[in-house]
Amino acid sequence: MDVIIRRRRPNLNFREMGVPVGSKLVFHDDESVIVEVIDDRKVRRENGEEVFLTPAIQSVLETKTPVHPTRYWLFEERLLSEIYDETYGT
C-alpha cells in the first residue's frame with residue numbers, strides 16, 4: 001500500500017519574504033484598503049486592530065470562509081502569493 005505524505009507549507013512570515021515591518025499591503029481590488037505590517041506575522045488594520053492576514057482579508061471580503069490571504073494583497077505592486085512561492089517554493 002502506497003502512503004501519500006502531504007507536507008504542510010510554511011506559515012507566512014513577512015521578514016522571511018522580504019516584507020519589512022512598516023510596509024503597506026494593498027487589497028488588489030480596492031487600493032483604499034490598506035494594512036500595515038507590524039511584525040513577522042501580523043498586520044494592523046486601519047481601525048488599529050492587530051490581526052493575522054487571514055482575518056484581515058475575511059473582514060474585507062465579509063466572509064468567515066477560510067481563504068488564502070496572499071492572493072488578495074499586494075506589496076510593492078506584487079501579489080504576496082508570488083512572493084510567498086518564491087520564498088518557500090510551490
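The values are calculated or read from the model by the stated rules, or taken from the named source; none is laboratory data. For clarity, every value in this text was computed on a predicted model and none was experimentally measured. Neighbour counts are summed over all protein chains in view; Cβ atoms, including those assigned to glycine, are modelled from backbone coordinates with ideal geometry. Calculation scope for accessible area: heavy atoms of the full protein, side chains included, ligands and nucleic acids excluded. Shrake-Rupley method; radii C 1.70, N 1.55, O 1.52, S 1.80 Å.
Data overview
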| item | result |
| --- | --- |
| ³J(HN,Hα), Karplus 6.51/-1.76/1.60, whole Hz, each residue of the range 55-67, x for Gly, Pro | x, 4, 6, 4, 5, 4, 7, 6, 9, 9, 5, x, 9 |
| Neighbourhood charge, 12 Å Cβ-Cβ cut-off, centred on GLU49 and excluding it, Lys, Arg +1 and Asp, Glu -1 | 0 |
| Stretch gain in nm, segment LYS64-ARG6, where the contour uses 0.36 nm per residue and the Cα spacing is subtracted | 18.3 nm |
| Accessible surface, the chain, averaged per residue in Å² (probe 1.4 Å) | 72 Å² |
| Ratio of the Cα radius of gyration of the chain to 2.2 N^0.38 Å, where N counts its residues | 1.16 |
| Stretch in the chain that is longest and holds no GluC sites (Glu not before Pro) that DSSP places in a loop and that have at most 14 other beta carbons within 10 Å | 1-15 |
| Computed magnitude of the charge dipole of the chain (debye, nearest 20; Cβ of K, R +1, Cβ of D, E -1) | 460 debye |
| Rounded percent of accessible protein surface that carbon and sulfur make up, the range 21-89, 1.4 Å probe | 45 percent |
| Local electrostatic count at ILE83 - Lys and Arg +1, Asp and Glu -1, tallied over other residues with Cβ under 13 Å | -3 |
| In sequence order, calculated HN-Hα J values of the range 69-78 (Karplus, 6.51, -1.76, 1.60; Hz; x Gly/Pro) | x, 5, 6, 10, 10, 10, 10, 6, 6, 10 |
